Amino acid sequence: LKDIFAVEGEVAQSVADALKAQLMPAEVERATAVPTHNEAAYQLYLQANAHFNRALDQDVLVPRELPQAIPLYQRALDADPQFALAAAALGRAHMHVYFYAPDRTDARLASAKTAIDRALALQPDLGEAHYALALYFYWGHRDYARAVDELHMARQSIANSADVPRMLAAIARRQGR
């Protein structure tokens, strides 16, 4: 597992070198960060991501794929209780079920918030957790101001994510801007 993350860091640096780009220290740190040292937890996380990504590809697959992703994210957290990225992904998955499945229940919102709070407690600057919290405020409560604040925090560590500006645009559209 250590080798996988080392290779990811080397690939990121090689790509940057080939493009003659200068990586900022924060970008280097993010590219070489190890989200978990537990191989089983990481494998479960990757399996969950596969289901989550299929659901993102086609909204019609949300009811079939996300119910498979959620327990895998939970099992990844059970295997490594310090795996903040898995907690953030779990919160995001709950919010996608809430909005797209739809399962617009207080229990679903509470599950999302619990997972997101856990991720932020473990890693307060985790962009993926701030993104998930933005979904919680936007989709769950129509609290646009707090969602935008969270998206700006997310953008600081996941600056190259297309999801952040997409959600900022969706909120602006809802506000008639």
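Roughly how many debye, to the nearest 20, is the charge dipole of segment 84-124 about its Cα centre, given +1 on each Lys and Arg Cβ, -1 on each Asp and Glu Cβ, and no other charges?
40
Kindly write out, for segment 134-148 in residue order, the coupling ³J(HN,Hα) from the Karplus curve 6.51 cos²θ - 1.76 cosθ + 1.60 (θ = phi - 60°), rounded to whole Hz, with x marking Gly and Pro.
Each residue of segment 134-148 in turn: 4, 4, 4, 5, 6, 6, x, 9, 6, 8, 5, 4, 5, 5, 5 Hz.
With every protein chain left in place, what is the accessible area per residue of segment 98-177 in square angstrom, probe 1.4 Å?
52
Can you tell me the mean projection area, over all orientations, of the convex hull of segment 43-156's alpha carbons? Units nm², please.
Orientation-averaged projected area of the Cα hull: 6.3 nm².
Name the long-range amide H neighbours of Gln82: under 5 Å, sequence gap of 5 or more, or other chain; modelled H, no Pro or chain starts.
Amide H neighbours of Gln82: none.
Which value, in debye to the nearest 20, gives the size of the charge dipole of segment 74-176 about its Cα centre, when Lys and Arg are +1 and Asp and Glu are -1 at the Cβ?
Roughly 380 debye for segment 74-176.
Give the Rg (one decimal place) followed by the Dmax (whole number) of segment 56-104, computed from C-alpha coordinates and expressed in Å.
11.1, 33
What distance in nm separates the simple spin-label points at Gln175 and Leu46, each placed 7 Å from Cα in the Cβ direction?
4.0
Please report the carbon-and-sulfur percent of the accessible area for segment 58-140; probe 1.4 Å, protein heavy atoms only, DNA, RNA and ligands left out.
The nonpolar share, carbon plus sulfur, comes to 52 percent.
In segment 134-177, whose amide N lies under 12 Å from the spot 7 Å out along Cα-to-Cβ of Arg104? List them in ranges.
It comes to 139-142, nothing else.
What do you get for trypsin sites (Lys or Arg not before Pro) in segment 88-148 restricted to DSSP loop and a cutoff of at most 16 other Cβ within 10 Å of the site's Cβ?
Passing sites in segment 88-148 are Arg104, Arg142.
The values are calculated or read from the model by the stated rules, or taken from the named source; none is laboratory data. Just so it is clear, the model here is predicted, and its values are computed rather than measured. Methodologically, a virtual Cβ is constructed for each residue, glycine included, from the backbone with ideal geometry; neighbour enumeration extends over all protein chains shown. Side chains are part of the model used for accessible areas, which takes the heavy atoms of the whole protein and leaves out ligands, DNA and RNA. Shrake-Rupley method; radii C 1.70, N 1.55, O 1.52, S 1.80 Å.
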